[in-house]
Amino acid sequence: MRLLKTVLLLLCVSFSSVYVQASDRSEGITISCKNESLEQVIHLIESQSSYLFVLNDKVNTKHKVSIKIENGNINAILNKIFQGTNMTYQVDGDHILISTTHKSIGLDETRQTTM
């Protein structure tokens with residue numbers, strides 16, 4: 001009986017821990033900044049969430065960002081930050097990978113420029 005109570009207690013503690021982590025994700029992130037560097041915005045997001053950013057070495061951390069979102073989710077915030085840039089992101093658990101994309105010239109574009 002004592003073993004059953006101990007197992008039940010451990011299960012409750014485990015589930016409450018998972019619930020706390022899940023509720024951290026569902027909480028909104030509030031950001032309001034004008035012409036701040038991407039580096040500063042990343043620090044703001046990290047301070048309000050459990051996310052950690054991993055940046056490709058080609059990412060311009062001095063890129064200026066203006067954004068105002070209250071209680072937004074991470075995808076909405078990142079979509080707005082990187083809209084119109086050559087930067088992309090991928091969320092993998094608690095990590096967010098930011099990288100740059102380079103537009104490759106397709107065969108049709110090459111033909112048009114040589115004719």
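When the range 67-104 is examined, which residues are found to be among the small types (Gly, Ala, Ser), in contact with a strand residue (DSSP E or B) (Cβ under 8 Å, 6 or more places away or on another chain) and under 13 Å from SER49 (Cα atoms)?
Initial filter on the range 67-104 (among the small types (Gly, Ala, Ser)): 72, 76, 84, 93, 99, 104.
Within this subset, residues satisfying the condition of being in contact with a strand residue (DSSP E or B) (Cβ under 8 Å, 6 or more places away or on another chain) are 72, 76, 99.
Residue satisfying the conditions is GLY72 alone.
May I ask you to verify whether THR30 is surrounded by 11 or more Cβ atoms within 10 Å (Cβ to Cβ), closer than 22 Å to THR100 by Cβ, at pLDDT 90 or above and polar (S, T, N, Q)? Spelling it out, it is not the case that THR30 is surrounded by 11 or more Cβ atoms within 10 Å (Cβ to Cβ), closer than 22 Å to THR100 by Cβ, at pLDDT 90 or above and polar (S, T, N, Q).
Restricted to the range 54-68, and to residues there that are of a type outside the set (Lys, Arg) and under 14 Å from PHE82 (Cα atoms), the residue that is nearest to the chain's Cα centre (by Cα) is LEU55.
The values are calculated or read from the model by the stated rules, or taken from the named source; none is laboratory data. What you are looking at is a predicted structure, and each value in this text was computed from that prediction instead of being measured. Neighbour counts are summed over all protein chains in view; Cβ atoms, including those assigned to glycine, are modelled from backbone coordinates with ideal geometry.
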